[in-house]
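Chemist: Structure below; questions to follow.
Values in this text are rule-based calculations from the coordinates and carry no lab data. From a predicted model like this one, the values you see are computed outputs, not experimental measurements.
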Amino acid sequence: MALIDRRSPFGALLVAFALAGAAAPAQAQFEMDKHRRSGMWFSLGLGGGWNLSNSSNGESKSGFAGYIRAGGSLSPHLLLGGEVEWWYRDETDDLSLSSGNFTLVGQYYPSLDLGGFVKLGVGVAAAEIITAGGSQSTWESGAGVTAGVGWDVPVAQKISLTANADFLFQRVAGFNNTLLLFTLGVTF
């Protein structure tokens, strides 16, 4: 049995997090500019996650995850922007599930010297069930909240690798849904 199963979305994610950890010493090469969190910013990333709810057999379901977020810096400690974060899973050849949050998000950096942040967002949640090979789709929306933590590791001037761990809380079509996502992205 291989240590990292390449068929799993988490195998690639484990490799990506290991590379981010290896890049941490490179952080010393770039003097941390205490005002580098200024102006406009853009971030995108991929990874994996689990739908912790909605399982008929009581097991959580794993799938692929990703995000896109952009915004502006209110101060070196506080960034404000919009975020789309999603989770996707192929159940069978004829059934796919997807879910995500579209939120106004704030990222707070408690220390100017470190890259760690906490994140909170509120907005809209959406869930979709796709059947019959993509020919039929059921889409519902509701309220969504995103809460998470992350770490920026500078790799160049104004460019960082960003590791994220996020919970997406959703209230869609009268049901509560919770997703746990782990992503690795690039922030410009």
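Chemist: Under 5 Å between amide hydrogens, which residues at least 5 positions from Gly115 or on another chain qualify, with H placed 1.01 Å from N in the peptide plane?
Modeler: Amide H neighbours of Gly115, under 5 Å, 5+ apart: Asp152.
Chemist: Give me the orientation-averaged projected area of the Cα convex hull of the stretch 112-188, in nm², one decimal.
Modeler: Approximately 6.9 nm², given one-decimal rounding.
Chemist: Can you list residues whose amide H is under 5 Å from Leu52's amide H, if they're 5+ apart or on another chain and H is modeled 1.01 Å from N?
Modeler: Residues meeting the criterion, in which the H sits 1.01 Å from N, are Thr178, Leu179, Leu180.
Chemist: At each listed q (0.25, 0.28, 0.32 Å⁻¹), what is the log10 of I(q)/I(0) that the Debye formula gives for the stretch 144-188 modelled as equal alpha-carbon point scatterers?
Modeler: With one equal scatterer per Cα and no solvent, log10 I(q)/I(0) is -0.82, -0.91, -1.04.
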